[in-house]
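Laboratory data are not the source of any read-out in this text; all were calculated from the coordinates shown. This is a predicted model, so every value here is computed, not measured. With ideal geometry, Cβ positions are generated from the backbone for all residues, glycine too; neighbour counts draw on all protein chains shown.
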Amino acid sequence: MSESETEGEVSDEQKIGIAKWFLLNSPSGEIQYVAKDVKAILKDENVYNIAAGEAFPVYNKEHFICLQFPNRSGDVLITSFGEIRDNEYIDPRTCQVAIVDHVKQVCKEVRPANDEELPSPYIEEYRCSLDVEISKYVGEAYPKGVCSVYCVTGKDVEAPGDNFELVVVISAARHSPQNFCNGSWRSTWNIEFNDELQIIEVKGTMQVGAHYFEEGNVQLDAKHDSKDSTIFQPPDDSAVALTSMIRYHETEYLSSLQTSYSNLPDSTFKDLRRKLPVTRTLFPWHNTLQFSLTRDISKELGLDK
Amino acid sequence: MEAAMGLMRRMPPKLTETSLSALLSLLPDHSSDLLSQIDQPLQVMHDTDNGKEFILCEYNRDADSYRSPWSNKYHPPLEDGSLPSAKLRKLETEANDVFAVYRDQYYEGGISSVYMWEDENEGFIACFLVKKDGPKSGKGGRKGNLQEGAWDAIHVIEVGPEEEGMAHYCLTSTIMLSMTTDDTSSGTFNLSGSIRRQMTMDLAVAEGHLCNMGRMIEEMEGKLRNSLEQVYFGKTKEMVCTLRPPAELAQLLTVPDSV
């Protein structure tokens with residue numbers, strides 16, 4: 001086919017915008033495949049590189065992708081909460097900073113975190129206790145789950161008296177392109193320690209996606225927000241209380257997802273198209289004359305509205 | 001084109017229209033290929049002649065107008081829009097009437113349209129379309145609480161010329177489905193997707209083309225509905241359970257030694 005593209009119809013900026021749109025809408029674990037197709041369609045290395053350079057970091061942070069440290073000292077989650085610079089992400093558990101290549105989705109280097117990148121010992125006690133409990137829970141509940149606990153506000157608070165906020169991120173992804181199936185579970189729990197009111201406010205968002213694409217394209221996209229609160233307690237007690245709260249909400253959500261699925265056949269699906277006609281027998285294609293006839297008659301009798 | 005089709009297999013099905021228009025602007029030279037190979041959600045128009053609604057697709061389009069199967073007229077009016085032959089138009093009219101009854105029995109509502117046109121080798125092509133939207137808001141007290149649902153079916157049948165009482169039928173069917181529930185207790189839940197299958201048959205024309213085409217469509221719709229429900233939705237559910245196995249659920253709720 002001819003490739004005589006008339007220049008000027010779609011500007012490079014528009015092309016970049018479209019390419020980014022495709023990249024950002026990639027299902028979990030599929031951005032590299034999408035990138036390959038986008039590159040082939042654009043036929044313009046320069047435009048592609050700009051689009052990829054802008055889209056990958058956003059996608060990686062949105063999907064909480066998990067990268068391995070080159071020294072095998074563990075994994076780091078790519079999230080906006082752990083972002084120090086465009087390509088630097090902290091792993092609070094190991095106090096290391098990963099230097100990443102967003103487009104290749106790899107961690108190139110690792111460096112120890114500076115003191116000013118880490119929370120105060122007071123905050124770290126809360127953060128670390130919660131991390132221990134959450135890790136235990138994630139290990140039990142998600143076969144491929146990864147989690148991280150960040151301090152997002154008040155990391156320099158030294159002693160009781162001031163508010164601070166931690167964020168728990170849980171990310172579990174399963175990619176099996178050979179079975180035409182990919183999926184991810186992502187949850188974010190914002191935890192505000194309110195010192196004055198001696199209360200901890202919790203806000204969570206859980207997001208689940210699944211894609212099955214053998215001879216078709218079917219996707220699940222589900223999202224749920226929840227809220228809760230508990231009393232301010234010492235680090236270890238808070239960690240236990242918060243973890244069991246998160247466990248409760250996530251378990252509830254999973255069961256509501258299953259309910260949604262089990263309701264499909266009887267209600268949702270049947271409302272759209274029945275398995276069998278209302279007559280409960282296959283349609284009488286061999287005897288359709290009757291329909292035209294009844295129509296004609298009712299028309300003649302003026303019964304046809 | 002291959003890369004474009006690759007992208008369409010990955011982009012969220014509910015964004016099909018945006019994906020297609022994005023591809024059209026990147027690949028203007030492939031626009032006719034893109035439009036014929038990528039199915040998009042069906043649109044509906046009002047036939048001003050008799051107040052009935054009809055479905056729009058590439059097959060009843062001429063320039064910027066669409067032909068209604070009920071009045072055989074183009075909307076907006078088009079001077080010399082192409083029309084099927086009188087003989088084929090007769091079959092088309094009958095097919096529209098019968099298919100409307102079929103649609104009512106399976107869908108209990110919705111809109112259907114059938115279009116036919118001659119092809120180059122003495123046969124013809126027929127396109128059967130169904131568009132069904134689920135109830136927009138949850139019915140009080142009913143389980144499921146469906147808030148939005150849409151089912152679009154596109155069946156294109158190529159019918160070869162009749163030879164010794166037999167004809168060759170090649171059916172390509174696409175189902176596009178989207179279901180969304182949204183409530184405060186369980187958040188938003190959207191399952192959507194499209195699948196396409198082909199079926200070919202050589203059948204005796206004794207009972208008429210319509211009878212043969214109808215049976216093939218009925219069988220295909222049943223199969224596709226089944227695979228969507230069992231295989232496609234089943235696989236995504238399986239994926240969710242792989243990410244977070246529900247075994248823990250049982251422990252947590254501590255149902256006293258049941259099942």
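Brief remarks follow.
- Distance distribution P(r), region A:155-234, all Cα-Cα pairs, bin width 10 angstrom from 0: 16, 33, 22, 16, 10, 3 percent.
- The charge dipole of region A:70-117, taken about its Cα centre with unit charges on the Cβ atoms of Lys, Arg (+1), Asp and Glu (-1) only, comes to about 260 debye.
- With 20 Å bins from 0: P(r) over chain A, alpha-carbon pairs, percent: 26, 44, 21, 8, 1
- Kirkwood hydrodynamic radius of region B:84-249, from the reciprocal of the average inverse Cα-Cα distance over all distinct pairs: 18.1 Å.
- Candidates A:ILE246, A:LEU272, B:TRP70 compared by Cα position along the dipole of the protein assembly as shown: farthest toward the positive end lies A:LEU272, with charges placed on Cβ.
- For region B:63-131, dividing the convex hull volume of the Cα atoms by the residue count gives 100 Å³ per residue.
- Placing unit charges on the Cβ atoms only, positive for Lys and Arg and negative for Asp and Glu, gives chain B a dipole magnitude near 1280 debye about its Cα centre.
- Relative pair counts by distance (%), Cα atoms of the protein assembly as shown, 20 Å bins: 18, 44, 28, 10, 1
- Between 0 and 90°, nearest 10: helix B:16-26 axis offset from chain B longest Cα axis: 60 degrees
- The calculated Kirkwood hydrodynamic radius for region A:70-117 is 10.6 Å, given to one decimal from all distinct C-alpha pairs.
- Low-density loop cleavage sites - trypsin sites (Lys or Arg not before Pro) in region A:54-153, where at most 15 other Cβ are within 10 Å (DSSP): A:ARG72, A:LYS104
- Legend: ranking of residues A:LYS223, A:LYS43 from fewest to most surrounding C-beta atoms inside 10 Å; resulting order A:LYS43, A:LYS223.
- Of B:PRO28, B:PRO41, B:PRO245, the one that fluctuates the most in a GNM where chain B has Cα springs shorter than 10 Å: B:PRO245
- Lys/Arg +1, Asp/Glu -1 at C-beta; chain B dipole; positive extreme among B:GLY123, B:MET213, B:ALA167: B:MET213
- √(5λ) per eigenvalue of the Cα gyration tensor, region B:173-229, largest first, Å: 36, 10, 7
- Dipole magnitude (debye, nearest 20) for chain A, charges at Cβ of Lys, Arg, Asp, Glu: 1840 debye
- Residue among A:ASP44, A:ASP225, A:ASP271 with the largest mean-square fluctuation in a Gaussian network model of chain A, springs linking Cα atoms under 10 Å: A:ASP271
- The order of B:ARG103, A:ARG274, going from fewest to most other C-beta atoms within 10 Å of their C-beta, is A:ARG274, B:ARG103.
- Compactness of region A:10-62, expressed as Rg and Dmax over alpha-carbon positions, Å: 10.0, 30
- Pairwise Cα distances in region A:1-159 exceed 28 Å for 34 percent of all pairs.
- Cα-based reach from A:LYS223 at 15 Å (exclusive), listing aspartates and glutamates while leaving out same-chain residues under 8 positions away: A:GLU62, A:GLU250, A:GLU252, B:ASP182, B:ASP183
- Debye log10 I(q)/I(0) at q = 0.16, 0.18 Å⁻¹ for region A:119-272, Cα point scatterers: -0.89, -1.04
- In plain terms, the C-alpha convex hull of region B:1-90 casts an average shadow of 7.3 nm² when viewed from every direction.
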